[in-house]
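Visitor: Quick one: this structure, given as structure tokens, is what I'll be asking you about.
Quick note: the coordinates plus some simple rules give every number you see, no bench work behind them. The structure displayed is predicted, hence computed values, not measured ones. Glycine also receives a Cβ, built like all others from the backbone with ideal geometry; neighbour counts cover every protein chain displayed.
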Amino acid sequence: WGFCTLLLKQQMWGAIIAGGLGAVAAIAIAPAALGFGAAGIAAGSIGAGMMSAAAVANGGGIAAGGTVAVLQAVGASGIAPTIAAVAGAGAAIAGGYEVTQTGYRR
């Protein structure tokens, strides 16, 4: 039973690491997927709909520090692809380490 417990712990840590890094990558990619980019908010995108709704709710303006403003700032900064690349590399390294530690074979 000791071996099974050890194997389960290793698999659990691998899943936790991969899941955490995957979440970071998803958060980094989300602004671009919603239409928030370096050139502004893409016409007809979900982000455009969010901006329209926020403007109507705020009497024609977009609140500084609001969801739309933050997503646009992240999209315009261009840092989101960098975060996604780093998270993806980290997930690959963690997954490779996990495979070497557990001795996974097909």
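Visitor: Please give the peptides 62-71, 23-32 ranked by average Cβ packing (other Cβ atoms within 10 Å per residue), highest first, as a rough proxy for protection.
Guide: Answer by packing, highest mean first, reads 23-32, 62-71.
Visitor: Can you work out ³J(HN,Hα) from phi for every residue in the stretch 20-27, in order, using Karplus 6.51 cos²θ - 1.76 cosθ + 1.60 and θ = phi - 60°, giving whole Hz and x for Gly and Pro?
Guide: Using θ = phi - 60°, the values come out as x, 5, x, 5, 4, 4, 5, 5 Hz.
Visitor: Length gain on complete extension for the stretch A53 to A30, per 0.36 nm per residue less the alpha carbon to alpha carbon distance?
Guide: Computed gain between A53 and A30 is 6.4 nm.
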